[in-house]
Each structure stands twice: as structure tokens, then as C-alpha cells.
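Read the structure below first, then the notes.
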Amino acid sequence: MGYPVYRVASVVESVHAVADAVRPSVVVVQAGAPVPLAEAFAGIGIPTILYFHDVEFHQLGGSLNRRPGLSFLANSRFTATKIAQAYGFRPPVLPPLVTPGLYRVQSERRSVVFVNPHPVKGVEIAFALAKRRPDIPFEFVESWELGKVSRRALLKKAARLRNVHWRKWGLDMKPVYLVAKLILAPSRWEEGWGRVVSEAQVSGIPALASRRGGLPEAVGPGGILIDPDAELTEWEQALGTLWDNSSVYRSLADAAAAHARRMNFQEDAVTSAFIDIVRGRGALS
């Protein structure tokens, strides 16, 4: 990975050994039932930040308590608001770090790209749109691991639609964005952000997405938002507008590119804000 990675039987029980080896100035915990790990590091006197990337609070691994040495971050205003509602405090917001060079392409703009064909991500909406618009090529890109049975069923369903191309998971997203005319994100889940939207906007690729969770923040003016429980005809009409109306598409593509260039989302700005936070300036609001 280019940096030390520790693999241990018990993460929480290994904090002393890791702390002795690394001698960290600060620990940032982000995922994987993070509360016990954050509590363990804070408990041995190391300043610790728990960085929320979603609002699945039942998966935190324990009760969330404010205590000396432990502070919090959220990846979006939506996430921060949900934390405030659940726990009575509002952490500062630091958006995801998106490095443009990893994603920027001169897109051929010939397909609708749908990343993560999973029920909570709106896979049924994506399939229904592909069926209703057989003239539009769709790229379905695997992301989360799918069970063998569900994956087999999805592959069979995709095979019945000649306009759906299935892509296996991969680290390099440039080939995906190279063919994307727009990103489809019909998530029914309360997304903390909507990273694929932000990655695509680097190349001026707009989105058709759910008005849910943090997706509206990720999309901004660079796309069309639809209620996830809206009738399929509303999704189809929005898709038709983006695909068929060149002037509307160009306007939204330009807005997507401009949104990706907003000052507080730039790599240097996010990095500087993060450094300020870990130095203790503004770690808690």
C-alpha cells in the first residue's frame, strides 16, 4: 500500500503495540465498528478523531460518548445534521478528498453509468430505466461484494437487456468515466455523500440522482435530483431530458465541472483543513 499496514487478531487489544511502534500525534478512525477503537486510543491519551462517512449509527460498535481526547468529523452537512439529531452535538464538516488526476478523462459521453448494483443503491430503478430506454447503453459497475446467488440473478437480468454492459469491480475508475455521459445514482439509502458523483464531476459528467442523504450536496447544480420513491415515469422523463436535450445536458455538464472546481472541495483546501483539524483548531464545534 505504500505505508505500514498492521494486521492483528484483535484491533482494540493491539492499540498499545501500534501506539508504541508508530507514536502517532493523532489517530483518525473512519470505519469498521469505529467506536471501540476510537475509545481505546483516546483512553491511552492519544488525541483521536472519529470521522463519520455515513449515518449507520447501529454499526458503530458501541455507544458514542463525548470524552476528553475524542473529537468528531462529518463528511457532509447531512451527516453532521444526523449526528446532531442523534447525539446532541454537531461536528465540523470535511468533504471527501477527491484527487482529480485519478479520475479526469475526456469522456466519450456514450453511456449511462450506474455504480454498485445493489438493492439499497436503486438497482431495480436502474434496470427499469434500461428496459424502458433500449436505445441508451448502460454500464453497471460492481462495487460492494455481492453474494453468489444475488450476483448470479443480477447477471442473468442484465444479460436479458442488450443495452446493459456489466463491469467487474476495479481500482481504476478512469475507464468507467471515459464512457460516461451521465452518472445514475438512484439510491434508496441515506448516502453520507455520493463519491462517484464527485469523481465524475471532475470530468464535467452530470448526475441523475436521488434527493436523499448527502447526494444533493455531492450533485449540487450539476445534475437532476429525483425523490427515490417517485414514480418510474419521473425518473424516465429526467433521463430523457439529460440524454436527449443537448442544450440542457451541456448546461448541466458545465455546472458539474464548475461544482467540481469549488474552492472548499479542492485537494489542497481539503488537505489544509484536515491538517488544521488534527492540530486541534476547530476539531469540535
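The values are calculated or read from the model by the stated rules, or taken from the named source; none is laboratory data. The shown structure was predicted, so the numbers you read here are calculated from the model rather than taken from an experiment. Cβ coordinates were reconstructed from backbone atoms using ideal geometry, including for glycine residues, and neighbour counts include every protein chain displayed. Accessible surface is based on the protein model in full, side chains and every heavy atom, while ligands, DNA and RNA are left aside. Shrake-Rupley method; radii C 1.70, N 1.55, O 1.52, S 1.80 Å.
Per the conditions (1) modelled with pLDDT under 95; (2) in contact with a helix residue (DSSP H, G or I) (Cβ under 6 Å, 6 or more places away or on another chain); (3) open to solvent by less than 20 Å² (accessible area, probe 1.4 Å), the sole criterion not satisfied by Ala74 is (1).
For the structure I just gave you, tell me whether Ser63 is buried (at least 16 other Cβ atoms within 10 Å of the Cβ), more than 30 Å from Ala153 (Cβ to Cβ) and not aliphatic (A, V, I, L, M). It is false that Ser63 is buried (at least 16 other Cβ atoms within 10 Å of the Cβ), more than 30 Å from Ala153 (Cβ to Cβ) and not aliphatic (A, V, I, L, M).
Kindly indicate the residue of the range 113-125 that is among the hydrophobic types (A, V, I, L, M, F, W, C) and part of a helix (DSSP H, G or I) and also nearest to Glu190 (Cα to Cα) among those meeting that condition.
Let us first name the residues in the range 113-125 that are among the hydrophobic types (A, V, I, L, M, F, W, C), namely 113-115, 120, 123, 125.
In the following step, the residues that additionally are part of a helix (DSSP H, G or I) were identified as 120, 123, 125.
Values: Val120: 9, Val123: 15, Ile125: 16 Å.
Looking at residues that are among the hydrophobic types (A, V, I, L, M, F, W, C) and part of a helix (DSSP H, G or I), I get Val120.
Results for (1) of a type in the set (S, T, N, Q); (2) assigned to a strand (DSSP E or B); (3) under 21 Å from Tyr249 (Cβ atoms), shown as yes or no for each residue.
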residue: Gln85; (1), (2), (3): yes, no, no
residue: Phe89; (1), (2), (3): no, no, no
residue: Phe127; (1), (2), (3): no, no, no
residue: Ala130; (1), (2), (3): no, no, yes
residue: Ile136; (1), (2), (3): no, no, yes
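So, Trp166, is that one free of Cβ contacts under 8 Å to residues at least 60 places away in the same chain, open to solvent by 30 Å² or more (accessible area, probe 1.4 Å), touching an Asp or Glu at 6+ places or on another chain (Cβ under 8 Å) and among the hydrophobic types (A, V, I, L, M, F, W, C) or not? Spelling it out, Trp166 is indeed free of Cβ contacts under 8 Å to residues at least 60 places away in the same chain, open to solvent by 30 Å² or more (accessible area, probe 1.4 Å), touching an Asp or Glu at 6+ places or on another chain (Cβ under 8 Å) and among the hydrophobic types (A, V, I, L, M, F, W, C).
Between Ala9, Ala17, Ala21, Ala31, the distinction of being under 27 Å from Asn264 (Cα atoms), open to solvent by 50 Å² or more (accessible area, probe 1.4 Å), out of contact with any strand residue (DSSP E or B) (no Cβ under 8 Å at 6 or more places or on another chain) and small (Gly, Ala, Ser) belongs to Ala31 only. Residues in the range 181-208 that are under 19 Å from Ser246 (Cβ atoms) and either part of a loop (DSSP other than H, G, I, E, B) or open to solvent by 20 Å² or more (accessible area, probe 1.4 Å) (or both): 5 in all.
Collect the residues in the range 110-124 that are open to solvent by 20 Å² or more (accessible area, probe 1.4 Å) and touching a helix residue (DSSP H, G or I) at 6+ places or on another chain (Cβ under 8 Å), keeping them in residue-number order. If the condition is that a residue be open to solvent by 20 Å² or more (accessible area, probe 1.4 Å) and touching a helix residue (DSSP H, G or I) at 6+ places or on another chain (Cβ under 8 Å), then Val115 is the only one that fits.
Tell me which residues, restricted to the range 109-144, are of a type in the set (D, E, K, R) and touching a residue at least 24 places away in the same chain (Cβ under 8 Å). Let's see the steps before the verdict.
Here is the first cut: in the range 109-144, the ones of a type in the set (D, E, K, R) are 109-110, 121, 124, 131-133, 135, 139, 142.
Correct list: Arg109, Arg110, Lys121, Lys131, Arg132, Arg133, Asp135, Glu139, Glu142.
Inspection of the range 36-54 finds a residue satisfying the criterion of being in contact with a Gly (Cβ under 9 Å, 6 or more places away or on another chain), charged (D, E, K, R) and under 29 Å from Pro216 (Cα atoms). Residue selection: Arg211 satisfies the criterion of being open to solvent by 20 Å² or more (accessible area, probe 1.4 Å), in contact (Cβ under 8 Å) with a residue 12 or more places away in the chain and either in contact with a Cys (Cβ under 9 Å, 6 or more places away or on another chain) or within 23 Å of Phe138 (Cβ to Cβ) (or both).
I want to confirm something. Restricting to the range 77-108 and keeping residues that are more than 16 Å from the chain's Cα centre (by Cα) and basic (Lys, Arg), which single residue is surrounded by the fewest Cβ atoms within 10 Å (Cβ to Cβ)? Across the range 77-108, the extreme among qualifying residues is Arg104. Is one or more of the residues making up the range 250-262 crowded, with 23+ Cβ neighbours inside 10 Å, in a loop (DSSP other than H, G, I, E, B) and in contact with a helix residue (DSSP H, G or I) (Cβ under 8 Å, 6 or more places away or on another chain)? No, that holds for no residue.
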